[in-house]
Structure formats: structure tokens, C-alpha cells
Amino acid sequence: MPGCHQEVDVCPAGVQLPGECPSTVIKVEWNPWLTEHLVVPLAVQLFLTFVFMCILRPLYNWTFKRKYSSFKQFMMTYVGTKDKKEVPRGWFMVLVCFLQLCASLYILVTYVGDVYRREVGFEAQLQLTIGAGINVLTYIVNRLQGGLSVGSHWELNSIADILTITPTLVRLGGLDGHEMDRCEPNWLSLHYLRAYSLLYAFMQLRATGMLKHSGVIVQMVILAVLRICCLIFMMSGTIFTLEILGDPAAFADSFIQTASGDNISFFQMVYWIVASLTTVGYGDFAPRTLISRMVTSIFIVVGVAYIVWVQFQFQEAWKANREGCGAYTSRSKKDQHIVVVLNHRGEASTFASIVGGFLDEILHSSHYKSWPNIVFFSPTKWDADEGHTFHQWLKDKGYKRRARQQIWWVVGNITSKKDMDRC
């Protein structure tokens, strides 16, 4: 039957050691799986983008502009906004984050069990649907906190929600004309993306400010563990899914057999060179001829040194830009910016109180929608001490990311036209 996956038992009698042979050989068709797990969610994502841009976002802005708005009061009391996530009654967001953590963790555990059983029964599908319902609730709350903007709709967490919620609801509702027990492999899904939802929920929980009295070290350890587990789980799930699906016809590789009996292709060599230069070295391929081994030895030494040099150059360029050697770049033609010329001797940090007072006035929260870009033009760096940059001072003073994005620090000579053009 087209679109059905095939499972064939290939283990001979008496072989019981793990890894000696696969328990089943599974073949899954690309087109049905791609339609259910990528095409349909992408269509939903684009439709919601249109709804957010043309309906919900203007309605949200109109509601917030009203002088007496119960919706605005609810948002500022219980949910918060993108720039102000700490609210007077943060227990509501704590509950939302806790629900998202529990639902995502359950879906991840269920996903691992399903890929080993290679089936999702009616009860398991119903439980996944309940988890999807909880994720719909958290999706709505998170998008409200993001101001129902198109940008918040295309955040990684939002995309993960759409890619996991949509197939679950479509399969339950039978919107594609199939029954619940259809032969397509419903266990091969993108539910492993819920690993990012775990990380996102914990970061949202920290942003509420409800954990500020708990141990900072404990929070950092939990955050580091979640980030590492999220990275491992998402990469493992992606490679697992791609290996099960196999290469689609359009991406099928063509191999050439060498005189030594190896089957190679250009993309296989790209993969092997990347694995070698990053010092991973899987060992699944090795050059056989003398000349290729000699050239490979040179390539590895030069390649590793070049990667280290590129990293050093990037670090130096980043550091120089933070210390004022960069230039002001407008993000939009409509952007307006103010150039503040500082004329002083010694370190610019001696004017910290004046600069802070000026920024507090210009970037006041009462008119955050009309904040201008601000360029400080100084003859010296902010601080002569290593690591004490102007941007670090902004962080230490508690300026939010949105505010820091409006501020530039440029070092130069006011009599130099070239330096002034950088402003």
C-alpha cells in the first residue's frame, strides 16, 4: 500500500546480543510523512502569521492604547510583556511554565517509548492530545507575552509548538481522511523538539523573577544541564528520523568504487573532511593511496590551524566592536538616531552617572515605541581595564536587551571625517 511503512524481522534464530542484527527493517515513504509533519504545519504557520499580522497584532495595540482596558490590566498584572516579564502576581506565569515543563517532559518520555514499540495506540494518542492541548494553552500565553507580533510567532519555541501540535490534532481529528489506526508510522514524529520547550519553559520561569531568591549556582547548573540535554536530544532525534526515512530520490548520492574497493562520493568527502578538521574522526573512512594520505596530513595540520586563526580573528573583531572600533548601522531606513559627542580626558567611565541619567530619560518605558537609536562618540574607550566595556556596563546597570540594542559606542577623533562617518 502506498505510504505504508514496512517492518521485516531479519534476526536469525539464536541471535540475541544487542547490535548483532536489527530487530526490524523499516521503510517509510517520504511524501506522506513530509506532508503530515512539515507541509501541513508550515501551512498552519503561514496562516497564523497572516492572522497575527493583519488581525491580532493591530487589535492588541489598539487594546493597549485604551486608557482603561481590563485586558491591559490583566497582562501587566499576570502575564507581562516582552520588555517587562516580572509582574506583581507572577504565580500565573509560574503555573503556565510548570504545565509546559510537565507536558513537554511527558511527551518526550512517550516519544522514546513509542519509537521502541514502533506504535502509538489509542490511549497513547489520547494522552498526546491532552499534552498538545496544554501546549496550545502555553502557546497562547507565550504569544500574548510577546505582544502577538510576527517575530514572536517565528521564535524557535513557537515553531516547535506548531510542528508538534498540528500533526497530533490532525491525526486525532482525521482531517486528512484517514483513520486513527492507519498504516503510516505515527510513532515517527517530531516530538523530540519538545526538548527545546523544556529549556524555554525554565528560561521563562527565571524571567518571571520568582526564582531570584533561590541559589544562583543551582539555577545555572540546571540551565546548563537543560541546554546540553536539549542539544543532544534534538540532534539525536533529527539524525534518527533522517536515517529511518532514508535519502529521498532527489538527494540520493551516487558512489564511485575506487581501486581499493571503497565507495566514495564528493559529499562523502565533504563530510569526512569536516569530521577530520573538527578532530572528531569517526573512522568510517580513511584514504588508501600514498599521495592522498600525504596530502591529508598537510590538510589536517593546515586546516586545524586555520580554524583556530579564524576563531581568534572573530574574537578580536567582536572585542574591538564592543570597545568602540565598530560603526553605527541602521536596521531600517525609518530609524532615527542621536549622536552624543563626549569631549573628555581620561576614561569615559568617569561620566557614568551623566550617561546613565541621559539614557534613563531618553529610553523611558513610557515611550518605548518611539525610542531613537543613540550613538555615543568618544575619544577614548569606556574603561582601560580589560573586559570593562560600555556594553558590559549597560548589562550591569540592568538595561534590558531591547534598550541595549538601541545604543552604540564609537571611539574616534571628532576632527576626522572618516570617524564621524562611522556615526
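The values are calculated or read from the model by the stated rules, or taken from the named source; none is laboratory data. No experiment lies behind these values; they were computed from the predicted model shown. As a convention, Cβ positions derive from the backbone with ideal geometry for all residues, glycine included, and neighbour counts pool all protein chains shown. Surface areas here come from the heavy atoms of the whole protein model, side chains and all, with no ligands, DNA or RNA. Shrake-Rupley method; radii C 1.70, N 1.55, O 1.52, S 1.80 Å.
Worth a mention:
- Among the residues making up the range 123-135, those that are loosely packed, with under 15 Cβ neighbours inside 10 Å and aliphatic (A, V, I, L, M) are Leu126, Ile130.
- A single entry from Leu277, Leu198, Leu190 fulfils the requirement of being touching a Cys at 6+ places or on another chain (Cβ under 7 Å) and at pLDDT 85 or above: Leu198.
- Scan the range 392-423 for residues that are modelled with pLDDT of 80 or more and either crowded, with 17+ Cβ neighbours inside 10 Å or among the aromatic types (Phe, Trp, Tyr) (or both) and the total you get is 11.
- Top-ranked residue of the range 75-99 - restricted to ones that are in contact with a helix residue (DSSP H, G or I) (Cβ under 6 Å, 6 or more places away or on another chain) and among the basic types (Lys, Arg), ranked as most open to solvent (accessible area, probe 1.4 Å): Arg89
- Scanning the range 205-262 for residues that are of a type in the set (Asp, Glu) and either open to solvent by 80 Å² or more (accessible area, probe 1.4 Å) or assigned to a helix (DSSP H, G or I) (or both) yields Glu243, Asp247.
- The C-beta contact set for the range 133-150 (first residue among the small types (Gly, Ala, Ser), second residue assigned to a loop (DSSP other than H, G, I, E, B), distance under 6 angstrom, 6+ apart or interchain) comprises Gly146/Lys82; Gly147/Lys82.
- A Cβ distance below 9 Å, combined with a sequence gap of six or more or placement on separate chains, defines the contacts here; from the range 69-92, residues that are closer than 12 Å to Gly147 by Cβ and assigned to a loop (DSSP other than H, G, I, E, B) reach residues that are of a type outside the set (S, T, N, Q) and open to solvent by 80 Å² or more (accessible area, probe 1.4 Å) in the pairs Gly80/Glu86; Asp83/Tyr368; Asp83/Lys400; Asp83/Arg401; Lys84/Lys400.
- Candidates Ala317, Ala327, Ala305, Ala352: the one that is under 35 Å from the mean Cα position of the chain (by Cα), farther than 24 Å from Lys82 by Cα, exposed (fewer than 11 other Cβ atoms within 10 Å of the Cβ) and small (Gly, Ala, Ser) is Ala305.
- Yes/no for Ala259 being aliphatic (A, V, I, L, M) and in contact with a Lys or Arg (Cβ under 9 Å, 6 or more places away or on another chain): yes
- The single condition among (1) farther than 18 Å from Met203 by Cα; (2) modelled with pLDDT of 90 or more; (3) touching a Lys or Arg at 6+ places or on another chain (Cβ under 8 Å); (4) among the hydroxyl-bearing types (Ser, Thr, Tyr) that Ser149 does not satisfy is (2).
- Qualifying residue in the range 137-158 (condition: among the aliphatic types (A, V, I, L, M), under 22 Å from Cys229 (Cα atoms) and in a helix (DSSP H, G or I)): yes
- Selection from the range 395-411 of residues that are free of Cβ contacts under 8 Å to residues at least 24 places away in the same chain and not charged (D, E, K, R): Gly398, Gln405
- Looking only at the range 359-373, and only at residues there that are touching a residue at least 24 places away in the same chain (Cβ under 8 Å) and closer than 14 Å to Lys84 by Cβ, the one that is surrounded by the fewest Cβ atoms within 10 Å (Cβ to Cβ): Ser365
- Within the range 194-223, residues that are more than 18 Å from Glu86 (Cα to Cα) and free of Cβ contacts under 8 Å to residues at least 40 places away in the same chain sit with their Cβ atoms under 9 Å from residues that are among the charged types (D, E, K, R) and part of a helix (DSSP H, G or I), at 6+ positions apart or across chains, in these pairs: Leu199/Arg227; Leu223/Arg206.
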